Amino acid sequence: MSKESILRDKSFEFAVRVIKLFKYLKKQHREEIIARQVIRCGTSVGASLREAEYAESNKDFIHKLYVALKEVNECIYWLDLLFRTEYINKRMLDSMKKDGEELLKMLITSIKTSKGKPGMGK
């Protein structure tokens, strides 16, 4: 299995978890404002990676990876905020945050690798 397909699968599963969190926040806490922020950035990660698959150029490919990187980082921010405001518990935070941080590391590695290849937008 290639690194790209692992990243693709992990980002998709992360989006599924984010959608379930969104449903939980709406049903259990009637929280919508932060829930909408989380669902927007959490599902955007995988969408940006799918866009990267058909990037117009190497530079565009790297740009889309950066967009995904920024979105997962933002999602981690909202998860931390949800925990600190007692909408989610420590177990939920740790589990979701672990997945987000794995995506961050994979994206950073992919960006560095792509930039290091000849003609890949250094």
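General remarks:
- Length-normalised contact order of the chain in % [C-alpha pairs under 8 Å, at least 6 apart]: 27
- Annotation: the residues Ser11, Ser95, Ser5, sorted from fewest to most other C-beta atoms within 10 Å of their own C-beta, follow the order Ser5, Ser95, Ser11.
- Cα lying deepest toward the dipole's positive end in the stretch 3-115, options Leu65, Phe14, Met106, charges on Cβ: Phe14
- Point-to-point label distance, Asp94-Lys20, nm (Cα→Cβ direction, 7 Å offset): 1.8
- Within-14-Å neighbourhood charge of Met92 [Cβ basis; K, R +1; D, E -1]: +3
- For Phe83, Phe22, order by how many other beta-carbon atoms lie within 10 Å, fewest first: Phe83, Phe22
- Burial ordering of Ile34, Ile6, fewest other beta-carbon atoms within 10 Å first: Ile6, Ile34
- Both radii come from the Cα set of the chain: Rg as radius of gyration, Rh as Kirkwood radius; their ratio Rg/Rh reads 1.03.
- Degrees, to the nearest 10: 33-53 long Cα axis against longest axis of the chain: 20
- Positive contributions from Lys and Arg (+1) and negative ones from Asp and Glu (-1), summed over other residues with Cβ under 13 Å from the Cβ of Ser44, come out at +2.
- Near Lys23, once Lys and Arg are set to +1 and Asp and Glu to -1 for all other residues with Cβ below 14 Å from its Cβ, the sum equals +4.
FYI, it's all coordinate maths here, none of it is from the lab. For clarity, every value in this text was computed on a predicted model and none was experimentally measured. No Cβ is skipped: glycine too gets one built from the backbone with ideal geometry, and neighbour counts run over all protein chains shown.
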